[in-house]
Amino acid sequence: MDADTYRDNGRLTPIQTYYNLKHSQTRIGVEQAFGKLKSRFRCLINPLTTSLETAILIVTTTCILHNICEERQEEMLDYNEYFDDQNHFQTLSGNDGITNFTNSVRDNLANYLWDRKIQRDNRRNRYNFTSDGEDESDSESLE
């Protein structure tokens, strides 16, 4: 279980359930993006043993180069060579100060996402608008 989601003990509120759904969808996208980067730039497979500033430059540079490759329709590695690191994430556990802070951030984000969903649902109901694409505005950046 991810430390940033609500533990499902059978009594989650709709806000917490919705947050877990959105968190999961976002995490999958992030993991796929890093997987693509790792398959194209093998130097990212192992932890970078550089300073934080250098690591940021390396990751930023690989993102820029990846976008250039995508624009030029460069080939990716075969699917069999794809490296999936989804089970190697480290979580911030054991530090109550950090845990309390991250729980507060998570709760605020969950409430924000829920409020946006309710507003969107109210607009749809007001104008009798239905859409096949669920939560299309969730792809907008958070304000």
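Here are some notes:
- Taking a straight line from the alpha carbon of Lys22, these lysines sit under 20 Å away, with near neighbours fewer than eight places off in the same chain left out: Lys117.
- Modelled spin labels at Phe101 and Arg72, positioned 7 Å past Cα toward Cβ, are 4.2 nm from each other.
- Highest average first, the peptides 65-72, 121-128 ordered by how many other beta carbon atoms sit within 10 Å of their residues are 65-72, 121-128.
- FRET E, pair Leu109, Ile64, Förster distance 35 Å, beta-carbon r, rounded to 0.05: 0.80
- Hydrodynamic radius by Kirkwood, which averages 1/r over all alpha carbon pairs of segment 1-48, in angstrom: 12.6 Å
- Net charge, Cys69 excluded, C-beta distance under 11 Å - Lys, Arg +1, Asp, Glu -1: -1
- Each of Thr13 and Arg124 was given a label point 7 Å from its Cα along the Cα-to-Cβ line. The distance between the two points is 2.2 nm.
No value in this document is a laboratory result; all are computed from the given coordinates. No experiment lies behind these values; they were computed from the predicted model shown. Every residue, glycine as well, gets a Cβ built from its backbone with ideal geometry; the counts of neighbours run over all protein chains shown.
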